[in-house]
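Peer 1: Structure below; questions to follow.
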Amino acid sequence: MEEALGLRPTAPGIGAVRRRRAKVNDKYWSPLSAAVGLPFKEIVQAEQLPWSALAGRSVAVDGYNAIYQFLATVRQADGEPFSDARGRPTSHLMGVFYRTTSLLGEGVRPVWVFDGRPPDLKAGTLRARFHAKERAEEQRQEALAAGDMETARRKAAQTSRLTPSMAEEAIGLLAALGIPTVRAPSEGEAQAARMAAAGAVWACASEDYDGLLFGAPRLVRGLAARRSKGVDAGAQLIDRDRLLATLGIDGDELILIGILVGTDFNEGAVGYGPKKALKLVKEHLGWEATVGRAGLDPKEVADVAEIFRRPDTIDTPVPEFGPIDDEAVLRSLVDDHGFSEERVRSAIDRARRGSRIVPRPAPAVATRGRQTLLDGFGGTAA
């Protein structure tokens, strides 16, 4: 692949998004926690969403979540990331470009949302992530010295680093593709959730479940899925109202489950995974009694809950998509970073084919956390 793209590997940096859990909850933490976020898979059942249901719809993509995923997975066999002839990293550009053009080719209209300043309560998590990356790099070097390439690649994925300049490069490339971007004042997932709740987009898209806690009416996961041998793999949809009804809880109780398990802003209660947290919350003891039984600090819990209930976000109009600027894309990828011109032009052509699909407006949500249920995934409600 690297030869075809005109790229070569470069040494990875230290630091990446990884979620830290309390030690007793380690079974819910993994090296790929950056992409997965809250371990809600055990209590959330996503519904298969065919590409035809997404065609013409706009989705707010959690930009940092997606790019960290690219940095962790778009690598050489030994775990080294791609770079250009000058040693500059390019895995983020590869991921953003090919993911975006593939979505456009399916008629999906992605709006990329980027993080701003993190809440103060996230400082501890960020420090823990940094130290975890340092240790992962040490283990990667040890594996390389021992000739253990499988371990070396796995550890390398845990050392990904997204710099401000890399984020700006991605934003510039998206602009050349005619894709709108939003710079959130704080958490990108919170901003994406607000946009979905306000009807600026149809859903937010992330491999993380946190958007549900922020009130996103719909969460789309698995946008990396691709057709295989004519099979429409599609993505997955989580409808928040349906989820709450199935679990027998309300939105505030969903936040409480997240806090019991552990979020970016707190470590969680000792011994609580998602199933145990759901069982306790479904006793409907009330917020204070539930927190007390789990042994959490009420003041800390209240501060974390406020981040999810009233996140720092901004109003945004319905995003406007522009035409693809072929020359700007080619300058960025081919001239500046040595990508294959043939591959880039082919991806642009694929993206243009999807532009024939008529956009479908997203429905506004009357109340935060409440949304009009669809008649069906491809129904007329959107």
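Peer 1: Could you tell me which of the residues E168, E138, E134 is of a type in the set (D, E, K, R), surrounded by fewer than 18 Cβ atoms within 10 Å (Cβ to Cβ) and modelled with pLDDT of 75 or more?
Peer 2: E168
Peer 1: Under 7 Å between Cβ atoms, which residue pairs at least 6 apart in sequence (or on different chains) link something in the stretch 273-285 that is at negative phi with a partner that is among the aromatic types (F, W, Y) and modelled with pLDDT under 95?
Peer 2: Sorted first by the residue in the stretch 273-285, then by its partner, the pairs are G273/Y28; P274/F40.
Peer 1: Kindly indicate whether any position in the stretch 216-230 is surrounded by 21 or more Cβ atoms within 10 Å (Cβ to Cβ) and part of a helix (DSSP H, G or I).
Peer 2: Residues of the stretch 216-230 that are surrounded by 21 or more Cβ atoms within 10 Å (Cβ to Cβ), as a first pass: 216-221, 223.
Add one more test, that the residue is part of a helix (DSSP H, G or I), and what stays is none.
No, the stretch 216-230 has no match at all.
Peer 1: Another question, then. Name the residues in the stretch 188-208 that are surrounded by fewer than 24 Cβ atoms within 10 Å (Cβ to Cβ), modelled with pLDDT of 95 or more and part of a loop (DSSP other than H, G, I, E, B), would you?
Peer 2: Within the stretch 188-208, G199, A200 qualify.
Peer 1: Hey, any hits in the stretch 68-76 for a residue that's at pLDDT below 75 and more than 18 Å from the chain's Cα centre (by Cα)?
Peer 2: Scanning the stretch 68-76, I find at least one residue that is at pLDDT below 75 and more than 18 Å from the chain's Cα centre (by Cα), so the answer is yes.
Peer 1: Which members of the stretch 306-315 meet the condition of being acidic (D, E) and surrounded by 11 or more Cβ atoms within 10 Å (Cβ to Cβ)?
Peer 2: E306, D312, listed by residue number.
Peer 1: Could you tell me whether any residue of the stretch 106-121 is farther than 30 Å from R356 by Cα and at pLDDT below 70?
Peer 2: The answer is yes, given that some residue of the stretch 106-121 is farther than 30 Å from R356 by Cα and at pLDDT below 70.
Peer 1: Just to be sure I understand the filter: pairs with C-beta atoms under 7 Å, separated by 6 or more residues or on different chains, first member in the stretch 78-100 and within 17 Å of A66 (Cβ to Cβ), second member assigned to a strand (DSSP E or B) and among the charged types (D, E, K, R). Which pairs pass?
Peer 2: Close Cβ pairs (under 7 Å, with a partner that is assigned to a strand (DSSP E or B) and among the charged types (D, E, K, R)) amount to P81/R75; S91/R75.
Peer 1: Right, A60: touching a Cys at 6+ places or on another chain (Cβ under 6 Å), buried (at least 19 other Cβ atoms within 10 Å of the Cβ) and modelled with pLDDT of 75 or more or not?
Peer 2: yes
Peer 1: Restricting the search to the stretch 77-95, which residues are of a type outside the set (A, V, I, L, M) and at pLDDT 85 or above?
Peer 2: D84, R86, G87, R88, P89, T90, S91, H92, G95
Peer 1: Test V329 against the stated conditions and say whether it is touching a residue at least 40 places away in the same chain (Cβ under 8 Å), assigned to a helix (DSSP H, G or I), more than 30 Å from E47 (Cβ to Cβ) and touching a strand residue (DSSP E or B) at 6+ places or on another chain (Cβ under 9 Å).
Peer 2: So V329 fails the test.
So that you can scan it fast, the table gives a plain yes or no per residue for (1) at pLDDT below 95; (2) among the aliphatic types (A, V, I, L, M); (3) surrounded by 15 or more Cβ atoms within 10 Å (Cβ to Cβ):
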position: W287; (1), (2), (3): yes, no, yes
position: P298; (1), (2), (3): yes, no, no
position: V304; (1), (2), (3): yes, yes, yes
position: P317; (1), (2), (3): yes, no, no
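Peer 1: Has the stretch 311-322 got at least one residue that is free of Cβ contacts under 8 Å to residues at least 24 places away in the same chain and either under 25 Å from V113 (Cβ atoms) or out of contact with any Leu (no Cβ under 8 Å at 6 or more places or on another chain) (or both)?
Peer 2: Looking through the stretch 311-322, none of the residues is free of Cβ contacts under 8 Å to residues at least 24 places away in the same chain and either under 25 Å from V113 (Cβ atoms) or out of contact with any Leu (no Cβ under 8 Å at 6 or more places or on another chain) (or both).
The values are calculated or read from the model by the stated rules, or taken from the named source; none is laboratory data. What you are looking at is a predicted structure, and each value in this text was computed from that prediction instead of being measured. FYI the Cβ positions are ideal-geometry reconstructions off the backbone, even for glycines, and counts take in every protein chain you see.
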